[in-house]
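Here's the structure, in structure tokens; my notes come after.
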Amino acid sequence: MKKTILFILISVFIFLISFLHLKASEYECKTLSTEWSPKGVIISPDDKCACVMNLESCSVTVYDTTTLKLIYTIYFPQTYGLGWDYNTEANISSVAQKPVEGAFTGEGRYLWITFHNDSSVVVFDTEENRFDYLIYRDTIKAQIKYPDGTIYYKSLIRIPVERTPKVIAVSPDEKIVAVSNWHSLSVSIIDAKKFTVINTIPVSQIPRGMVFNRKGSFLYVAIMYGNYLEIIDTKNWKIKGRIEGVGSAPRDLIIDKEGRYIYCSANGSYIVSKIDTSKNKVVSYVNVGGGPRTIEFSHDEKLIYVCCYKANRLYVIDVKNFKVIDVLTTGEDPVGVDVCLSGDVWVTNQGDGSISVFQKTTNTNSSFTLFYKSQNKAFLGIQ
């Protein structure tokens, strides 16, 4: 009887270990505070700064990636704008200048930012007040505030697009900036040198994540209220086809350096899909936590980091084997992620107004991470 009980206990223990995949984490997490409702985060091309778009504070906080200290905050003027409640799916009175996502051009000189409720993109010159003399253009004046209380003002160029701009994608030659417009079901194409819209392309449903192929000949658009990508031919700016079966509510896209594979987070299916660009076909999936949002490569492209909004976790995928190898605890509602050259991973936590900075450590005995397969039901109605 005792032997039978012992055998059962050992069997249960082995089963739990194999099911839960208990593993020592290779990361140490440092938590920073930011402003209200952080969304996107992008690391500057010189790797010196992390820029965080704070939706509800109408601000961008800029941090030193080495010291993790705040350098300055950009505060935008606040005027009336028509907003959107993603829970009730209804219009609401709000503020126009709510930043969502960002991108750099000009080797890091120009920071492009989408304004959620303003139907516009603004461009911040990190070097000088370049746009002050462009009096014939639409500009806004932002407040730049340093931690010591020093304040000055800077003009930013404003580029009108269509309703509820979200993601910004930059072509490989940095001549074109594409902006996905959520409520207009369209993509705006902007000349990155002249700062003007040169084309607007209708898509079939709500667009979110986008990525150019490595030649810049195609722009792939994630259709958030579908399960497919649409492909835009950049020669004539026409839709040339779809890639089906990427998962429910595809949200974010990344492409490897060779341009061979695109990876897509499916917010409704709790998966990341792998797409062969030579065949325009999904070739593999991996399960992650609830509500996968932004995804990003490590700089050597050996890893993919996945923000899982509903799980409060950052999933780490081994690209070669296409399997989850680590799960890291974040703050509440992680949504944005970017990676430094050093390997530090910056994650914005929209729910508690914090930033999680994950740094690799050689001490693998300091903490344990639980691997699990999410059993939650698919959920589409979140931004």
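The values are calculated or read from the model by the stated rules, or taken from the named source; none is laboratory data. Every value quoted in this text rests on a predicted model; they were computed, and no experiment measured them. Please note: Cβ atoms are built from the backbone with ideal geometry, for glycine as well, and neighbour counts cover all protein chains shown.
General observations
- Residue identified as closer than 18 Å to T31 by Cα, at pLDDT below 95 and of a type outside the set (K, R) among S342, S374: S342
- Restricting the stretch 302-343 to residues that are touching a Leu at 6+ places or on another chain (Cβ under 9 Å), charged (D, E, K, R) and buried (at least 18 other Cβ atoms within 10 Å of the Cβ), the residue that is nearest to G291 (Cα to Cα): R313
- When A142 is tested against (1) in contact with a Lys or Arg (Cβ under 6 Å, 6 or more places away or on another chain); (2) under 20 Å from G336 (Cβ atoms); (3) among the small types (G, A, S), only condition (2) is not met.
- Within the stretch 214-225, the set of residues being surrounded by 20 or more Cβ atoms within 10 Å (Cβ to Cβ) and not in a strand (DSSP E or B) comprises M224 only.
- Residues being among the small types (G, A, S), assigned to a strand (DSSP E or B) and under 20 Å from the mean Cα position of the chain (by Cα) - total across the stretch 155-185: 3
- Output for the stretch 196-213, where each listed residue is surrounded by 15 or more Cβ atoms within 10 Å (Cβ to Cβ) and over 15 Å from the mean Cα position of the chain (by Cα): V197, N199, T200, I201, V203, I206, F212, N213
- Among the conditions (1) outside any strand (DSSP E or B); (2) surrounded by 13 or more Cβ atoms within 10 Å (Cβ to Cβ), T73 misses just one, which is (1).
- Answer from T65, T73 - the residue that is closer than 28 Å to T361 by Cα and hydroxyl-bearing (S, T, Y): T65
- Whichever residue in the stretch 116-142 is more than 13 Å from I159 (Cα to Cα) and β-branched (V, I, T) and, among such residues, is modelled with the lowest pLDDT: I135
- Listed by position, the strands (runs of 3 or more DSSP E) enclosed by the stretch 246-334 that each have at least 1 residues that are within 16 Å of the chain's Cα centre (by Cα) and without any contact (Cβ under 8 Å) to a residue 60 or more places away in the chain are 250-255, 261-266, 271-276, 292-297, 303-308, 313-318.
- Residue check, I355 assigned to a strand (DSSP E or B), within 24 Å of C51 (Cβ to Cβ) and in contact with a strand residue (DSSP E or B) (Cβ under 7 Å, 6 or more places away or on another chain): yes
- Test for S204: is it outside any loop (DSSP other than H, G, I, E, B) and among the small types (G, A, S): no
- Checked against (1) of a type in the set (D, E, K, R); (2) buried (at least 23 other Cβ atoms within 10 Å of the Cβ); (3) under 20 Å from R214 (Cβ atoms), E258 passes all but a single condition, namely (2).
- Residues of the stretch 36-62 classified as crowded, with 20+ Cβ neighbours inside 10 Å and among the basic types (K, R), total: 1
- Hits in the stretch 76-119 - residues which are more than 21 Å from the chain's Cα centre (by Cα) and part of a strand (DSSP E or B): Y80, G81, L82, A90, N91, I92, S93, S94, V95
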